[in-house]
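Student: Below you'll find the structure I mean.
The values are calculated or read from the model by the stated rules, or taken from the named source; none is laboratory data. Predicted model, so just to flag it, every value in this text is computed and none were measured. Quick reminder, even Gly has a Cβ in these numbers, built from the backbone with ideal geometry, and neighbours come from all protein chains shown.
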């Protein structure tokens, strides 16, 4: 009767009296096969994206029989398989330390299941004749001694809830940095320990203060009563002005840029347009022409946000035409950028040739208060005091914004109108 072969290692099983003269060679072959199964190391070259099928041949050295399967260097970009034949019951060590992207590799039997690698490491597994089973650390029995555990391996994630008891904690180890917010409750605090030194700045909120009879809410220009502990026990609204404004910027004629003083919250702007020039009658006596109209005069109060800066341009006075004729109109003064300034003071009209009246005064559209109808004498002192550093600087033909005088037939008295000006006050 012919020899048969073992199921797992494919060893030749010889019958009694068989293989006379060759029995020794066959026995040696069987021993080599056993040696391969318990000590053999085989280098395996995988197929990227394919299946590398190991074989187990009867009575022949075969790659699937080796104990250690050492995978050659490779980068796996797609799903790959390493298989052993079905029906084998055997232990394996799989070395995948030279494999890049080992998670693309599955080690299994030809028709059964196995496991997918999770890292470039060395794996232990066994084939049960149908499938391949991984032998991982979390499936092994037994215990690990303290000498085998490094101190830095015990992290918070490794400790289960309620695993550390008070017996394991020294009192000296419970420091402020070890306490979570809101972890100390009222039961852990003695009233006598809450002293002023223990209170941080701004740590007492409204819920901790004793209420008074004052009704919560806003008060305008408030009248208040404060007790000896600093509490407001009475409050009522009062009345008051807008505060004190200081003169900080002024200019007569020309243009410029106003930049607010740091800390200013409001400004009050006084501005005037250029006045019209005086008119001259061609044949009548001296002073028969009309005066030029005064420039528009206005006031505007503005709430500002720092930093604050605005350009302005002041109107020029209207000229006189010479021996006879109507005076020329003054030009407008503007505060803010063109073509849409914040407010404007228009120029006064030129004086007529007939002494039937003066030129029409300018206006101040957009101002809080249009003071164009105010008599020149009412703001002459304002101009002298706040626009010029000395009186001589504001007498340019006539006072700022004042209409030009009428003239004689020869033109000796008629004059141009005064220029515009700006004066700015700030609430600091």
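Student: If you go through region 32-54, how many residues are more than 15 Å from residue 67 (Cβ to Cβ) and part of a helix (DSSP H, G or I)?
Tutor: Step one: list which residues in region 32-54 are more than 15 Å from residue 67 (Cβ to Cβ), which gives 45-53.
Now restrict to residues that are part of a helix (DSSP H, G or I): none.
Selection size over region 32-54: 0.
Student: Same structure again: If you check 8, 95, 63, 25, which single one turns out to be more than 18 Å from residue 120 (Cα to Cα), at pLDDT 90 or above and in the same structural domain as residue 132 (by TED's automatic domain parsing)?
Tutor: Only one candidate qualifies: 63.
Student: Now, a different point. Just give me the residues in region 30-51 being buried (at least 16 other Cβ atoms within 10 Å of the Cβ) and touching a strand residue (DSSP E or B) at 6+ places or on another chain (Cβ under 8 Å), in sequence order.
Tutor: 30, 37, 40, 42, 44, 46
Student: Additional query: Residue check: is residue 79 surrounded by 14 or more Cβ atoms within 10 Å (Cβ to Cβ) and under 28 Å from residue 49 (Cβ atoms)?
Tutor: yes
Student: Between residues in region 198-221 that are assigned to a loop (DSSP other than H, G, I, E, B) and residues that are modelled with pLDDT under 75 and loosely packed, with under 10 Cβ neighbours inside 10 Å, which pairs lie under 8 Å by C-beta distance while being six or more apart or on different chains?
Tutor: As it stands, the answer is 220/239; 221/239; 221/240, since those pairs meet every condition given.
Student: Go through region 145-196 and count every residue that is closer than 22 Å to residue 208 by Cβ and assigned to a loop (DSSP other than H, G, I, E, B).
Tutor: Looking only at that region, the number is 10.
Student: Looking at this structure, is residue 24 over 22 Å from residue 91 (Cα atoms), surrounded by fewer than 14 Cβ atoms within 10 Å (Cβ to Cβ), touching a strand residue (DSSP E or B) at 6+ places or on another chain (Cβ under 9 Å) and free of Cβ contacts under 8 Å to residues at least 60 places away in the same chain?
Tutor: no
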